[in-house]
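Below is one structure; the comments refer to it alone.
Readers should treat all values here as calculations from the given coordinates under stated rules, not as data from a laboratory. Since the structure is predicted, the reported quantities are computational estimates derived from the model, not experimental observations. Every residue, glycine as well, gets a Cβ built from its backbone with ideal geometry; the counts of neighbours run over all protein chains shown.
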């Protein structure tokens, strides 16, 4: 590890900060403060595998209610909620839709062409860090890698980079 | 007008109490005492710029605060430091010893602290009012004399003396003076006259008839009246992985009671169909204006590289915006910014973002850190007919 990256905050420490912010009511609303659980940090990388940020989910039961996104240096980029009104968690995605690694591996295997092999899925973003997705890398026999993106129940090929979408 | 010294302690105390009330520094400031005077720190031109005031808790020195005497800084509290006590006497002794080493036999009859390149400080040795030597604090490096140069104001070289007062443009000085004096006036509020701010405490400023505004925040309401209900806005998830623009337009038009479907808006924007969708090419960012104006009675404006004030002013006028960031479009319906921060740090500015990503869901981001995002375009809309 380089000296530069050694100076970055420990993601476990970030997760504790997130839990503390949730507990103090600095984010979300009183119902989320009461019911929400800040989960473990997930590394968000660029599509080129460079570390970019940490996503810390907040779950309520089996629902993915909200999340923190911290830059690697610990700066809070955003706190985002899937629900529109306090307590409306039934409209939030199911946690396993987003963080089911075996399920993602299975999706990747299903999209392989003959001769391709699925590599390990990683959390990334589609053009903007706002658009967090899972990337499913599929490596062809000649070594070329093509990606699929998965966001909840949506699966797609990366769109052209010179568009808003 | 410079701050009279008989008001220095009260102003410093109120500023530190406000910082404590905002919880920016946690418990570090609790029960800290503010002295009547500090060490005067001068501008290169000789004017006293600020006082460096040692802070103590009981008998223990905990740090210091720099409090502006001159209004050119725009705010009274310039900096705080904890963990490194301020010992004026020891520094003068160390600097005097260094002066003897640097220039053997140097004669002087006065020593003062100077912000030779604000906030960098030095000790200036004077003989009958004229400088004979200037040494940077702690490093004791000799500060070179002023050089004539053609450089622009406020763009000094790395190790060059320059004057905050002489180089700040007149317009900036005027606006900062206004802000500075406004703050001083706030500390003269009748409700505060009985308060003793010399010892910092979290609840010192919680008195009747005095509201300490720590944040400036606003969200889209039903109307511009603050008492109307909030939020008056609905999140729409994008219906395909490339329809963020259509979803953003849908959210804003819904706010104005236009009920176009996302599919229809996508068609109008040339984004294909649900079965065969496409994103909005960078070259067609102007289409958002064309389509909104064609379908509504709204007058739409595109802002390139929108500044914070564009978002703030539109929200204050109760108008949501569409915001383009690289590769993505969202809508903005609120803002917040902290009014009191740790000196030297950037105040937190956040946007309330209704983001159509991920598809068929979307998220509400409260808040998006304005300093971590790249804002390429924003679209504001004004009703032209009712």
Average beta-carbon neighbours from other chains, 10 Å sphere, peptide A:76-88: 5
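Between residue A:43 and residue B:223, how high is the FRET efficiency from 1/(1 + (r/R0)^6) when r is the Cβ-Cβ distance and R₀ = 56 Å? Nearest 0.05.
Numbers: r = 44 Å, r/R0 = 0.79.
Computed FRET efficiency for residue A:43 and residue B:223 comes out at 0.80.
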Cα long-axis angle, helix A:101-110 against chain A (0 to 90 degrees, to the nearest 10): 30
Nearest-ten-degree value, helix B:170-186 long axis tilted from longest Cα axis of chain B: 90
Per-residue mean of C-beta atoms belonging to partner chains within 10 Å, peptide B:351-362: 5
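Assign one of three labels to region A:1-83, namely rounded, prolate or oblate, based on the Cα gyration tensor with a ≥ b ≥ c the square roots of its eigenvalues; rounded applies when a/c is under 1.5, prolate when it is not and a/b is larger than b/c, and oblate otherwise.
Details: a/c = 2.56, a/b = 1.83, b/c = 1.40.
Prolate shape, in that a/c is at least 1.5 and a/b is the bigger ratio.
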Inter-probe distance in nm under a simple model that places probes 7 Å from Cα toward Cβ, at residue B:307 and residue B:89: 4.9
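Mind sorting B:383, B:195 by how few other Cβ atoms lie within 10 Å of their own Cβ, fewest first?
B:383, B:195
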Helix B:244-255 vs. chain B, principal-axis angle (Cα, 0 to 90°, nearest 10): 90
Per-residue average of Cβ from other chains inside 10 Å of B:365-371: 6
Gyration tensor (alpha-carbon) shape descriptor, region B:25-93, a/c threshold 1.5: oblate
Per-pair calculated FRET efficiency, R0 = 56 Å: residue B:297 and residue B:30 via Cβ, rounded to 0.05: 0.50
Compactness relative to 2.2 N^0.38 Å, alpha carbon Rg of region B:255-344: 1.31
Length-normalised contact order for region A:60-165 - Cα pairs under 8 Å, 6+ apart - percent: 16
Taking only Cα atoms of region B:82-130, radius of gyration then Dmax in Å: 11.9, 37
Isotropically averaged projected area of region B:1-128, using the convex hull of Cα atoms (one quarter of hull area), nm²: 8.9
Label-reachable residues, region B:20-63, where backbone N falls under 11 Å from a point 7 Å from residue B:137's Cα toward its Cβ: B:39-42, B:50-54
Separation of the residue B:126 and residue B:185 label points, Cα + 7 Å toward Cβ, nm: 3.4
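In what order do B:187, B:243 fall by count of nearby beta-carbon atoms within 10 Å, going from fewest to most?
Working: B:187 18, B:243 31.
Ascending Cβ contact count within 10 Å gives the list B:187, B:243.
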Kirkwood-Stokes translational diffusion coefficient of the protein assembly as shown, alpha-carbon pairs, 10 °C, 1.306 mPa s, µm²/s: 58
Pairwise label distance in nanometres, residue B:374 with residue A:96, each label 7 Å out on the Cα-Cβ vector: 3.9
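Just want to confirm a number: the relative contact order over chain B, from Cα pairs under 8 angstrom separated by 6+ residues, in percent. Could you put the intermediate results ahead of the total?
Numbers: 749 pairs, mean separation 56.8, N = 386.
Averaging sequence separation for qualifying contacts and normalising by length gives 15 percent for chain B.
Sequence gap at least 6, Cα distance under 8 Å: using those rules, report the relative contact order of region A:1-143 to the nearest whole percent. Intermediate values should be presented prior to the final figure.
Working: 233 pairs, mean separation 24.0, N = 143.
Answer for region A:1-143 is 17 percent.
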q = 0.14 Å⁻¹, chain A: log10 I(q)/I(0) [Debye, one scatterer per Cα]: -0.79
Convex hull projection area averaged over all views, chain B, Cα basis, nm²: 24.9
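In terms of the Cα gyration tensor, with a ≥ b ≥ c the square roots of its eigenvalues, is region A:50-138 rounded because a/c is under 1.5, prolate because a/b exceeds b/c, or oblate?
Details: a/c = 2.79, a/b = 1.45, b/c = 1.92.
It is oblate, given that a/c is not under 1.5 and a/b is not larger than b/c.
Once you wrap a convex hull around the alpha carbon atoms of region B:156-203, what is its projected area averaged over all directions, in nm²? Walk me through the numbers on the way to the answer.
Values: hull surface 24.3 nm².
Projected over every direction and averaged, the Cα hull of region B:156-203 covers 6.1 nm².
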Taking B:166, A:100 and counting other C-beta atoms within 10 Å, the order from fewest to most: B:166, A:100
Computed [θ] at 222 nm, deg cm²/dmol, the protein assembly as shown (DSSP H ≥ 4; -39,500 (n - 2.57); rounded to nearest 500): -7000 deg cm²/dmol
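Can I get the semi-axes of region B:254-305's equivalent ellipsoid? Compute them from the C-alpha gyration tensor as square roots of 5 times the eigenvalues, in angstrom, largest first.
Numbers: eigenvalues 71, 55, 12 Å².
Its equivalent ellipsoid spans semi-axes of 19, 17, 8 Å.
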Between region A:61-123 and region B:252-269, the Cα center-to-center distance that results, in Å: 29
Å³ per residue enclosed by the Cα convex hull of region B:81-173: 131
